[in-house]
Ligand code: HAM
């Protein structure tokens, strides 16, 4: 049957078979975040538009082309969150979290929204897991955050991600680098795409993130940022590298890693997977030392990353790293005769089964039954489909004797047990 309504382009249903994988991956990631001392934060799905314009940057693709922005009933401009850093910074300042802890380690996960052209690994509603460490500037934080990204990928069985590391300097050294970009491309501006021609005038650094092939050819001429860093930024990068080496994290220095958001200062990094096609970045992040102050908060720095769930799961599937995740049921209750029409009308079999079912569930044992009027054979079919470990059979004869039949579905062994001892017997098994 075809439905009249379809999910919107760039959005996907996560069906039960897939949600098992999602739960597995999310569970592993949340455990690792906790192990590294992070606490969860949940921010609203929508915020004031200005929050994103001012943090991500007015000349970025996200703000220019990709935001889901709409007026509310009072005419205020709201936006579905395209990323998590700005909302976390907003919450950090609004709730004065800086008073609770000098260095706060937060993590988040959930849906994000960008109006991009959908393709493999690029959705309009996608899901991120991310961390932000707010309140301190130390290469040890950058190194630990990068190590954490590495740790997550390795724990899920992925060890061939390429880590790209860069630095976008600070407000002291960036202007000189921007001048260098402008002078390097002076003769070739006509070969740049329309967007880059604008960026050339308004935000030259942003050109380095352009995905247009013709632009990429021109951008190769631009020297690496590393050569233009001021002494402090150079030292910071060297110290971060030293710590990464200490932790045996291999990386490649990327000459132009500016990423798609304007708030970065100093460290930028990405974990990329070659098998993913055009959308190869699984995790991306960096340091942002000015954002908290610019938003009216204390003068403290921060660093973080976010990973894409859809891309991560796709890599895990490609690499065969999803273990077989059986969501099997512990106990299935079958009844003879199976007659739900008489349920509640004195059918002893149904009533006994129905009551026992709820009792079993109270002991954290997963249990279910068939609510249709199926034959015993069809009930066993259903038990198999649900991958039940045990089936309890309740029939009129059994009720008269005060017993039920317990079948071990793995071994095929059957035993009669007393009805009033059924739950305690099951408790021993789980
Ligand atoms: P981002 O690189 O824009 O960074 O996004 C992080 C990750 O989200 C990407 O590496 C990718 O895996 C995933 N992602 C982004 N857009 C899409 C999409 N349309 N469809 C599927 N997956 C997508 C940030 O969002 C920063 N807030 C990261 C950060 C945190 N920096 C510092 N702290």
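The values are calculated or read from the model by the stated rules, or taken from the named source; none is laboratory data. No experiment lies behind these values; they were computed from the predicted model shown. Here Cβ is always computed from backbone atoms with ideal geometry, including for glycine, and neighbour counts include all displayed protein chains.
Residue 29 passes all but one of (1) within 15 Å of the ligand (Cβ to nearest atom); (2) surrounded by fewer than 14 Cβ atoms within 10 Å (Cβ to Cβ); (3) assigned to a helix (DSSP H, G or I); which number fails?
(2)
Here are the criteria: (1) closer than 26 Å to residue 145 by Cβ; (2) in contact with a helix residue (DSSP H, G or I) (Cβ under 7 Å, 6 or more places away or on another chain); (3) away from the ligand (no atom under 16 Å from the Cβ). Tell me which single one residue 197 does not satisfy.
For residue 197, the exception is condition (1).
Within region 302-316, take every residue that is touching a helix residue (DSSP H, G or I) at 6+ places or on another chain (Cβ under 8 Å) and within 17 Å of residue 23 (Cβ to Cβ) and give me the one that is farthest from the ligand (Cβ to nearest atom).
Only one residue tops the list, namely 316.
Among (1) within 15 Å of the ligand (Cβ to nearest atom); (2) in contact with a helix residue (DSSP H, G or I) (Cβ under 7 Å, 6 or more places away or on another chain), which single condition is residue 281 missing?
Among (1) within 15 Å of the ligand (Cβ to nearest atom); (2) in contact with a helix residue (DSSP H, G or I) (Cβ under 7 Å, 6 or more places away or on another chain), the lone unmet condition for residue 281 is (2).
In the set 260, 275, which member is in contact (Cβ under 8 Å) with a residue 40 or more places away in the chain, within 16 Å of the ligand (Cβ to nearest atom) and more than 21 Å from residue 290 (Cα to Cα)?
275
Could you tell me which numbered condition residue 299 fails, if it satisfies all but one of (1) in contact with a helix residue (DSSP H, G or I) (Cβ under 7 Å, 6 or more places away or on another chain); (2) more than 9 Å from the ligand (Cβ to nearest atom); (3) at pLDDT below 95?
The failed condition is (3).
Could you check, for region 208-215, whether at least one of its residues is within 16 Å of the ligand (Cβ to nearest atom), more than 26 Å from residue 104 (Cα to Cα) and more than 26 Å from the chain's Cα centre (by Cα)?
yes
May I ask you to list the residues in region 175-185 that are surrounded by 19 or more Cβ atoms within 10 Å (Cβ to Cβ) and touching a residue at least 40 places away in the same chain (Cβ under 8 Å)?
Answer for region 175-185, where residues must be surrounded by 19 or more Cβ atoms within 10 Å (Cβ to Cβ) and touching a residue at least 40 places away in the same chain (Cβ under 8 Å): 177, 181.
Go through region 29-39 and give me each residue that's out of contact with any helix residue (DSSP H, G or I) (no Cβ under 7 Å at 6 or more places or on another chain) and in contact (Cβ under 8 Å) with a residue 60 or more places away in the chain.
Listed by number, the residues that qualify are 30, 33, 37, 38, 39.
Quick one: is residue 13 more than 16 Å from the ligand (Cβ to nearest atom), under 29 Å from residue 153 (Cα atoms) and surrounded by fewer than 13 Cβ atoms within 10 Å (Cβ to Cβ)?
So residue 13 does not fit the description; no.
Looking at 188, 167, 228, which one is surrounded by 12 or more Cβ atoms within 10 Å (Cβ to Cβ) and under 23 Å from residue 279 (Cα atoms)?
Within the list 188, 167, 228, the selection yields 167.
Tell me, which helices (runs of 4 or more DSSP H) lie completely within region 40-139 with 1 or more residues that are within 11 Å of the ligand (Cβ to nearest atom), touching a strand residue (DSSP E or B) at 6+ places or on another chain (Cβ under 9 Å) and in contact (Cβ under 8 Å) with a residue 24 or more places away in the chain?
49-56, 85-94
With respect to residue 159, determine if the residue is without any contact (Cβ under 8 Å) to a residue 60 or more places away in the chain and in a loop (DSSP other than H, G, I, E, B).
Considered against the rule, which asks whether it is without any contact (Cβ under 8 Å) to a residue 60 or more places away in the chain and in a loop (DSSP other than H, G, I, E, B), residue 159 comes out as yes.
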